[in-house]
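Reading through the structure tokens given below for one structure.
Each value in this text was obtained by applying a stated rule to the coordinates, not by laboratory testing. The shown structure was predicted, so the numbers you read here are calculated from the model rather than taken from an experiment. Cβ atoms come from the backbone with ideal geometry, glycine included; neighbour counts cover every protein chain shown.
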Amino acid sequence: MTAPASRQPVAPDSTARELRRRAETAVSRARAELLLREPFFGHLLMRLRLQADENCVQLWTDGKTLGFHPAFAAALPPDRLLGALAHEVLHLACGHHVRRGNRDAALWNEACDVVVNALLLEAGFRLPEGFVQRPALAGCSADAVYDTLLRERQGTASGLSGQPRPGGSAAARPAPREISAETGRAQLRQEQVVPEADRAARSAGRRSAHETPRRRKPLPVFSGEVRDAPGLRDAPGPEMAAKLRRQTDREVRDALRRARHAGRIPAGLERLWRREGAEQADWAALLRRFVAHCAENDFCWCAPNRRFLHTGCYLPGRRDVRIPCLAVAVDCSGSVDTPALSAFMRELEQALLPYEAEAVILCHDCRIQSVTRGRGRDMLRRVQPRGGGGTDFRPVGRWLEEEGLRPACLIWFTDLECDQFPPAPPCPTLWLVWGDNDRQPPFGERVRLTAPAPAEERMA
């Protein structure tokens, strides 16, 4: 995300250096306090380089640097500054700096703020006044919130509500109104930094003779900026995004481990990463279990179960462990990650080893590109994924119907970047989804797939 064109006016030259020094001291102290009070946020924050930046509006981060406007950082109360720093760190922990893709930068930042602020409020942080909040979207992913905001921008008018300005009675205050982040940023850029000398004089009760009364200005919106990671700016693409996401995941796991040792991890964040980990945990085991449930198993007394013979129990043994027909649909569109596809094919081979299985593998993008039939691991090794275009799931359903094929189960590898689905097939379906897409297919069971990091990254 690029820096806003207009910025907060800088304090006079006589006080600029002092203001910068105060801001750097405040941020350094807040970072140290965060490390002691909230080790998860503190350890992630210690990885970032602090930079006073008078060209930004409030705060920003790209995974390498945390920039702050000196006037903004120096004016915040200590507890609010802690919340602002935690806000930026949580952007990185959620991978918002590597997940934007081709989305609108300003709207993506707004969606990420909604997600991050909800988690921080649950964790007990105090955020700077004017933070954006959508209680109805609490618990949703940034992708889902972005889709909602995009629909609202295109048709339904529903903005983000900020925190009420403190002070005054409920009767004296005007009725709360919905404000958008764009409006708040415009208001913030209109605000002027009060010269330090005048501020000190007013605090001591001495007003300058030439000073004129200032009118009450509207409450600005706090919106910590998250920018694309430097690696994505230098070499954009899904492979670089996946590499940076794996690096971020390693840093988050390390911070979680340190926070658990200290016994200071917020419950909301623990639930968040436990939920993500459960969806991503051992997808290969879930694949093997799904295949086992779809296999035809029969029992007979001809070969008793040898596991119980030593106890004197003769139980029927299992025979004819086979899968009459297994259908595998492989999304080979341009957005699918090659390492994830390789990992999927390896684990599918291992899952089919115990069974006598006949399989048909359909490689597709917006149409069927190749069909491979056969048995055993040699058949899987003959598959040459081809494609690279857009994605459409309907050709797979049409092909199965035209061939009159009724598979025992259907396994679909895809990134789900498509909304064109066929009718539900008359068999169990497992979707192995690569990437950060939270879309739910209209039928079947969904499991998130993660590809292993390359050897050189695992050694880093």
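Quick notes on this one:
- When you count the other C-beta atoms within 10 angstrom of each residue and take the mean per peptide, 420-431, 102-113 line up highest first as 102-113, 420-431.
- Peptides 88-98, 125-135, 439-449 ranked from most to least packed by the mean count of surrounding Cβ atoms within 10 Å: 88-98, 125-135, 439-449.
- Taking amide hydrogens as placed 1.01 Å from N in the peptide plane, the amide H of Gly390 sits under 5 Å from those of Cys366, each at least 5 positions away in sequence or on another chain.
- Residues with amide H under 5 Å from that of Leu50, placed H, sequence gap 5 or more: Leu66
- The Rg/Rh ratio for the range 88-151 is 0.94, where Rg is the radius of gyration of the alpha carbons and Rh is the Kirkwood radius.
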